[in-house]
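Visitor: One structure, as structure tokens, below. Some questions next.
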Amino acid sequence: MVFGENRKGFFGRLQQRITDAVTRRPKVDEDLLEELEEILITSDIGMDTSTHIIERLREDVREQRISEPEDVEERISLIVRSLVDKGERLKMADAYPLIVLMIGVNGGGKTTTIAKLARRYKAQGRSVLLAAADTFRAAAADQLSVWADRVGVEVIRGAEGGDPSSVVFDSIKAAKARNIDVLICDTAGRLQNKRNLMSELEKMSKVIGREYPEAARENLLVLDATTGKNAVSQAKEFGTVADITGLVITKLDGTAKGGVAITVSDEFDLPVKFIGVGEKPDDLEPFDPASFAESIFEREAL
């Protein structure tokens, strides 16, 4: 995982603030722990997760008798890693046929993520088909088709404003007829608090379960890293109607608030499966918990 310019964004700012705090202190005490908690909260990690991290740190300080402030950075990095490391759940299902339902609000990078994921599977020698089931947004199918052409896959489309579940139904029929390995379904992405959107997601899931019960499933929630706390509310709302199996964190570039990966992993026990680090078709990388945690405190070369 390459964070590159991220070091100037979330990671760089968080690391600098924590480093400043520990270097000003001659010892590890409650004042330092409280300052560190405030730094985490104001870095958009979230109050509950920040408190969780500091409680773990406080326990480590007591049990391991950590007395040197500079050792605190390493401990926080290890704690963060433990929160985002979901083991085997970080990996995509390796059984085929596979249906991937892509969920997320408009503007979060869902369409480009679909194209990037399709490209990854094609590079692995898998056949891929896309379902343009976001029938509510004007030109959504057109946009998906443009990306599909770029990565060399086909798209099943329906009428604009039509029934999204019927597009999924037709796509499953096509996938079966063509012996497709991976079917990736786009979904509507209007604001997550709209109940009709949630109802459509429930219907699509039922169609998949009824028409292709033997297929492996992944329900990926695409979250825009720059939206901070709003991404947490999206995870909560979408999680009420979809069995989310993993996250894709997009726009994790120099201005991104990377704390959302920590917060959502902790509060909802969800694995981050991929991160989007750019706009090119190959700018989708598997999430690496160790690299992520280490990058928070990685010293830049002089």
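Visitor: Kindly rank 19-27, 93-101 from highest to lowest mean number of other beta carbons found within 10 Å of each residue.
Guide: Highest-to-lowest ranking by the protection proxy: 93-101, 19-27.
Visitor: Hey, another quick one. For GLU38 and SER233, compute 0.36 nm times the residue count separating them, minus their Cα-Cα distance, and round to one decimal in nm.
Guide: Going from the current span to full extension adds 68.1 nm.
Visitor: Subtract the Cα-Cα distance of GLU68 and ALA138 from 0.36 nm times their separation in residues, and report this length gain in nm to one decimal.
Guide: That pair, GLU68 and ALA138, stretches by 19.4 nm at full extension.
Visitor: Something else now. Among the DSSP beta bridges whose two residues both lie in the range 89-297, what percent are antiparallel, rounded to the nearest 5?
Guide: 10 percent
Visitor: If R₀ is 25 angstrom, what is the calculated FRET efficiency for the pair ARG89 and GLU154, using the beta carbon separation as r and rounding to 0.05?
Guide: Calculated transfer efficiency: 0.25.
Visitor: Between SER291 and ASP31, what FRET efficiency follows from the Cβ-Cβ distance if R0 is 41 Å, with the result rounded to 0.05?
Guide: With R0 = 41 Å, the Cβ-Cβ based efficiency is 0.85.
Visitor: I've got another one for you. Given R₀ = 22 Å, FRET efficiency for GLU214-ASP170 by Cβ-Cβ distance, to 0.05?
Guide: That gives a FRET efficiency of 0.75.
Visitor: May I pose another question? Obtain the nm distance between the two label points defined at GLU267 and ARG126 by a simple spin-label model: each point lies 7 Å from its Cα along the Cα-to-C-beta direction.
Guide: 3.0 nm
Visitor: Next question, about the same structure. Using only DSSP helix segments of four residues or longer, with each worth -39500 (n - 2.57), what per-residue ellipticity at 222 nm results for the chain after dividing by its residue count and rounding to 500?
Guide: Value at 222 nm, helices only: -15500 deg cm²/dmol.
Visitor: Using 18 Å as the Cα-Cα cut-off, could you pick out the over-long pairs in LYS116/LYS176; LYS116/LYS251; LYS86/LYS206?
Guide: LYS116/LYS176; LYS86/LYS206
Visitor: Turning to a different aspect of this structure: With axes computed from alpha carbons, what is the tilt in degrees of helix 164-177 against the longest principal axis of the chain, rounded to the nearest 10 within 0 to 90?
Guide: Between helix and principal axis, roughly 70 degrees.
Quick note: the coordinates plus some simple rules give every number you see, no bench work behind them. This is a predicted model, so every value here is computed, not measured. Glycine also receives a Cβ, built like all others from the backbone with ideal geometry; neighbour counts cover every protein chain displayed.
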